[in-house]
Amino acid sequence: MELKNTIKEWPKDDRPREKFLAIGANNLSNSELLAILIHNGTPERSALALAKDVLKLGNDDLNELGTISVKQLTAVKGIGEAKAVTIAAAMELGRRRQMGRMPEKQRFTTSKEMAVFLKERLKDYQHEVFAVIYLNRSNKILSFDIISTGELPERLQTPG
């Protein structure tokens, strides 16, 4: 079966990878960036069309998309496990970049500051997480470790 309307058939300045190189990543839409990660489409749909469907899973919100599981991503026709893992890995890299390095000298003076710290690091987990923050006597972070995680049973997970 021959591909219909493949990205390769588009004008070069409309193709996501070529646009990325020509005008920079910051000038591409979220769907164009996702299409680059997806790499190729299906006989029926382009990578860009698949990317738009993936974004819809997260209500066109990248923060919400970051909470979508690999299994939920594979529910999009044309997104197999390999593409879903690629997307989930990119979301994790973005999360880690956003968190940045853990400030070695960050000091908590209130429980609210600690709650903000924990919320940023744990917000996208779809299951329970037991984490520990080790502090010195001055309430400065020595380390932050996730000790264990638990999975919700399939029937209790909220739909994407």
The residue from E113, E81, E120 that alone is loosely packed, with under 14 Cβ neighbours inside 10 Å, of a type in the set (D, E), touching a residue at least 12 places away in the same chain (Cβ under 8 Å) and out of contact with any Lys or Arg (no Cβ under 7 Å at 6 or more places or on another chain) is E120
Within the range 1-58, residues being within 22 Å of V85 (Cβ to Cβ), touching a residue at least 40 places away in the same chain (Cβ under 8 Å) and among the β-branched types (V, I, T) number 2
Subset of the range 68-93, residues of a type in the set (D, E) and closer than 16 Å to H39 by Cβ, comes to E81
When every residue in the range 123-133 that is surrounded by 11 or more Cβ atoms within 10 Å (Cβ to Cβ) and not in a loop (DSSP other than H, G, I, E, B) is compared, the one nearest to the chain's Cα centre (by Cα) is V129
Per the filter on the range 9-52, residues closer than 21 Å to E92 by Cβ and of a type in the set (D, E) are E32
Checked the range 95-148 for anything aromatic (F, W, Y) and modelled with pLDDT under 80; matches are Y125
Cβ pairs under 6 Å, 6+ apart or interchain, first in the range 89-106 and small (G, A, S), second in a helix (DSSP H, G or I) and at pLDDT 85 or above, ordered by first then second residue, are A90/L37
Considering residues that are part of a loop (DSSP other than H, G, I, E, B) and of a type outside the set (S, T, N, Q), the number found within the range 5-38 is 5
Scanning the range 39-73 residue by residue, those under 18 Å from R15 (Cβ atoms) and part of a loop (DSSP other than H, G, I, E, B) turn out to be H39, N40, G41, T42, R45, S46
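The values are calculated or read from the model by the stated rules, or taken from the named source; none is laboratory data. As the structure is a prediction and not an experimental result, all values here were calculated from the model. Because the Cβ atoms are built from the backbone with ideal geometry, glycine has one as well, and the counts that use them run over all protein chains shown.
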